[in-house]
1. Within segment 143-178, can you find the residues that are among the β-branched types (Val, Ile, Thr) and modelled with pLDDT of 95 or more?
2. Could you list, in sequence order, all residues of segment 207-219 that are in contact with a helix residue (DSSP H, G or I) (Cβ under 8 Å, 6 or more places away or on another chain) and either assigned to a loop (DSSP other than H, G, I, E, B) or surrounded by fewer than 16 Cβ atoms within 10 Å (Cβ to Cβ) (or both)?
3. Kindly list, by first and then second residue, each pair from a residue in segment 165-178 that is within 9 Å of Ala7 (Cα to Cα) to a residue that is among the basic types (Lys, Arg), limited to pairs with Cβ atoms under 8 Å and residues at least 6 apart or on different chains.
4. Looking for whichever is surrounded by fewer than 17 Cβ atoms within 10 Å (Cβ to Cβ) and part of a helix (DSSP H, G or I) here; the options are Lys72, Lys77, Lys45, Lys90. Which one fits?
5. Scan segment 46-63 residue by residue and report those that are among the hydrophobic types (A, V, I, L, M, F, W, C) and in contact with a Phe, Trp or Tyr (Cβ under 9 Å, 6 or more places away or on another chain).
6. Taking the residues in segment 107-146 that are in a loop (DSSP other than H, G, I, E, B) and farther than 23 Å from Ile208 by Cα as candidates, determine which candidate is farthest from the chain's Cα centre (by Cα).
7. Being touching a Lys or Arg at 6+ places or on another chain (Cβ under 6 Å) and either among the aliphatic types (A, V, I, L, M) or closer than 29 Å to Gln157 by Cα (or both), is that true of even one residue in segment 64-81?
8. Of everything in segment 123-135, what is closer than 19 Å to Met75 by Cβ and surrounded by 20 or more Cβ atoms within 10 Å (Cβ to Cβ)? Give them in sequence order.
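The values are calculated or read from the model by the stated rules, or taken from the named source; none is laboratory data. All figures in this text were calculated on a predicted structure; none of them were measured in a lab. Methodologically, a virtual Cβ is constructed for each residue, glycine included, from the backbone with ideal geometry; neighbour enumeration extends over all protein chains shown.
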Amino acid sequence: MLLKPKAFLFDLNGTMIDDMAYHTTAWEEILNNDLKANLTREQVKKEMYGKNEELLVRVFGENHFTQEEMNKISMEKEKRYQKAFLPNLKLINGLNIFLESAAEHNILMAIGSAAIPFNIDFILDNLNIRHYFKAIVSADDVKVSKPHPEVFLKAAQLLHVDPKDCIVFEDAPKGVESALHAGMPAVVLTTMHDKNEFEQYNNVLAVIKDYNDKYIQQIFEETFIDQ
């Protein structure tokens, strides 16, 4: 069945702002300098999905840290990231106009991110874009992180929109996989990953560098097949 989108669901980091290099650096410092994990930068990047505590478990194993210790490490990492990124904080090119256009077309919008509220608030409030989003789903709102579909299904539920009527915007393969499991098509931003890393996913509508891409100009009339 051919449908037109009723909602846009956005991942945050790497999808709305080009900040993944700052997250990588913050994690690299924490994992190697503070916690002595001795990982290469590429190894750090491969572990950067899901909740912070899940990353720590993947790297160090179960029960290596207490929950209190993981919370402390997570917050320290985010403080270092925010301090480094704040002077360069801006939306990915073309996104501001795209958000305005989506609002004018009565497209509902939500954020579905593995970030904690501390980071989501940092982005939305410093860029003054909170008013565009009718729902926000953070790491604290889900039991299972991407590639599980919970984050996007919950966002759609909060918007009262059928999953098949949503388009997800993502920058990571695990995020696109999450959208696939949720029955949603996705638009991919190549801020951190190359186009060929998404070839295995049949729910990708387009791969774009930024929101000035010509595909974005026609997305409000986009039709896609319910898979």
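1. Residues of segment 143-178 among the β-branched types (Val, Ile, Thr): 144, 151, 161, 167-168, 176.
Answer for segment 143-178, where residues must be among the β-branched types (Val, Ile, Thr) and modelled with pLDDT of 95 or more: Val151, Val161, Ile167, Val168, Val176.
2. From segment 207-219, those in contact with a helix residue (DSSP H, G or I) (Cβ under 8 Å, 6 or more places away or on another chain) are 207-208, 210-211, 216; that's our starting set.
Asp210, Tyr211, listed by residue number.
3. Sorted first by the residue in segment 165-178, then by its partner, the pairs are Asp165/Lys4; Asp165/Lys6; Cys166/Lys6.
4. Lys72
5. Met48, Leu55, Leu56, Val57
6. Step one: filter segment 107-146 for residues in a loop (DSSP other than H, G, I, E, B), giving 107, 113-116, 128-129, 133-134, 138, 142-146.
With the extra rule that they be farther than 23 Å from Ile208 by Cα, the set shrinks to 116, 128, 134, 138, 142-145.
Values: Ile116: 11, Asn128: 18, Lys134: 17, Ser138: 10, Val142: 14, Lys143: 16, Val144: 15, Ser145: 11 Å.
Top of the filtered list is Asn128.
7. Among the residues of segment 64-81, not one is touching a Lys or Arg at 6+ places or on another chain (Cβ under 6 Å) and either among the aliphatic types (A, V, I, L, M) or closer than 29 Å to Gln157 by Cα (or both), which makes the answer no.
8. Going residue by residue through segment 123-135, those that are closer than 19 Å to Met75 by Cβ are 123-126.
The answer is Ile123, and nothing else.
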